[in-house]
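The structure under discussion appears below in the form of structure tokens.
The values are calculated or read from the model by the stated rules, or taken from the named source; none is laboratory data. Treat the numbers as computed from the prediction; the structure is a model and nothing was measured. Counting neighbours? That spans all protein chains shown, and the Cβs are built from the backbone with ideal geometry, glycine included.
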Amino acid sequence: MPVKAVVVERTSKSGNPYVAIEVYITDKIKKLVFLTPAELELIKMNANNK
């Protein structure tokens, strides 16, 4: 089952930047998945290989 997901960079309410994956469950419902530093590096490595 294909799922739409996007890597997003945001700023928390306290002003700290973070990177997460926004998974679209439906057109109106999305889930924010926070990444560990290792997961973020894997995504960057995969993006550089394309």
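When you scan region 13-26, do you find a residue that is without any contact (Cβ under 8 Å) to a residue 24 or more places away in the chain, of a type outside the set (A, V, I, L, M, F, W, C) and in contact with a Phe, Trp or Tyr (Cβ under 9 Å, 6 or more places away or on another chain), even just one?
Yes, because at least one residue in region 13-26 is without any contact (Cβ under 8 Å) to a residue 24 or more places away in the chain, of a type outside the set (A, V, I, L, M, F, W, C) and in contact with a Phe, Trp or Tyr (Cβ under 9 Å, 6 or more places away or on another chain).
Looking at region 1-31 only, could you name the residues that are more than 16 Å from E41 (Cα to Cα) and hydrophobic (A, V, I, L, M, F, W, C)?
Listed by number, the residues that qualify are M1, V3, A5, V23, I25, I29.
Of everything in region 11-35 that's over 21 Å from M1 (Cβ atoms), surrounded by 14 or more Cβ atoms within 10 Å (Cβ to Cβ) and out of contact with any helix residue (DSSP H, G or I) (no Cβ under 7 Å at 6 or more places or on another chain), which residue is modelled with the lowest pLDDT?
Of everything passing the filter in region 11-35, L35 is modelled with the lowest pLDDT.
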